[in-house]
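None of the figures in this text is laboratory data; all of them are computed from the coordinates on show. Values in this document were obtained by computation on a predicted structure and should not be read as measured data. Please note: Cβ atoms are built from the backbone with ideal geometry, for glycine as well, and neighbour counts cover all protein chains shown.
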Amino acid sequence: MTAARPSLRALFFDVDDTLFRTTDFAQEARRQAVEAMCARGLRTPPDEVLEVLAQVVAEFGSNDDHHFDRVLVRLGPEATRGTNLDLLVVAGVIAYHETKWRRLRIDPAARELLCDLAGTDLRLGIVSAGLARKQMEKILRLGLDEFVDPALIFVTDRVGIAKSNPLLYRRAAEAAGARPAEAMHVGDHPEHDVTSAGAAGLRTVWHRAGRHAENVPSRVPDHEIAAFPELRSILREHYGIPV
């Protein structure tokens, strides 16, 4: 007798480094910003500035609004001699954002899959870490709002629960009208996306690509993928989702 396929009613996605290669984008955007500042008189080689910038981001977090100001302070007055500090900072900000608008694109295979999933009975949502408005901007610019239910967008800043807390995933499943075992989460972070969601009872898909690829989660995921076509096969073969 063939075992019945598990029921799946809701599917949630992480955004950063899952649907969008945020780390790759950030590295390029920061280099473009530093080169713009150096082109306007900053007296430090770009690679050295990038090293200081990486330290600032590590210490103050990626959502800090004063990365470039802090970098200039650390470099000291000799590095900025003869320049206008505000001009340097704004040049960096403009270059960063121009890179963002140019690079902010969802993986084509992921977009194709989302388009097909939107035609099924699955309820689609997002569970993402970060500041609400910043993440919403990504969702809109990536066009993810075309596919997901706006009532199923969970950003940690807004809901007040970190992704390290399984409660966030239980809340997401409940909002979708699904038992935890009837919901699935797809993400790249071995602990925040796999271990926490699994502890909440959700089925988990580890998108094993990018900066966390070598960090094994403490809880075994239900599935692993390196690219989105593999998720399509998993959904079709293990859960009977017609994609």
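So if I take the centroid of the Cα atoms in segment 153-216 and the same for segment 27-66, what is the distance between those two points in Å? Cα centroid of segment 153-216 versus Cα centroid of segment 27-66: 32 Å apart.
Within a straight-line Cα-Cα reach of under 13 Å, K100 can be paired with the following aspartates and glutamates, leaving aside sequence neighbours fewer than 8 residues apart in one chain: D24, E28, E137. Taking the fewest neighbouring Cβ atoms within 10 Å as the starting point, the ordered list for R5, R123 is R5, R123. On full extension, the segment bounded by D65 and A39 gains 7.2 nm, given 0.36 nm per residue less the C-alpha separation.
Projected label points at E98 and R141, each 7 Å from Cα along the beta carbon direction, are separated by 1.5 nanometres. For GluC sites (Glu not before Pro), the sites in segment 140-243 that DSSP calls loop and that have at most 15 other Cβ atoms within 10 Å are E214. Compute the Cα gyration tensor for segment 179-243, then decide on rounded, prolate or oblate, letting a ≥ b ≥ c be the square roots of its eigenvalues: rounded whenever a/c is under 1.5, prolate when a/b is larger than b/c in the other cases, and oblate in all that remain. Note, shape of segment 179-243 comes out oblate. Classify segment 65-160 from the C-alpha gyration tensor, please: rounded if a/c falls under 1.5, else prolate or oblate depending on whether a/b exceeds b/c. Verdict is prolate for segment 65-160. Going from the residue with the fewest nearby Cβ atoms within 10 Å to the one with the most, D222, D14 rank D222, D14.
Can you compute the label reach from L131? Point 7 Å from Cα along the Cβ direction, backbone N cut-off under 17 Å, restricted to segment 18-43. Answer for this model: 26, 30. Taking other C-beta atoms within 10 angstrom as a stand-in for reagent exposure, D188, D157 fall in the order D157, D188, fewest first. A crude spin-label estimate for the pair V220 and D116, with each label 7 Å from Cα along the Cβ direction, gives 2.8 nm. With the Cα gyration tensor of the chain giving a ≥ b ≥ c as the square roots of its eigenvalues, does the rule (a/c under 1.5 for rounded; else a/b larger than b/c for prolate; else oblate) give rounded, prolate or oblate? Taking the square roots of the gyration eigenvalues as a ≥ b ≥ c, the chain is prolate.
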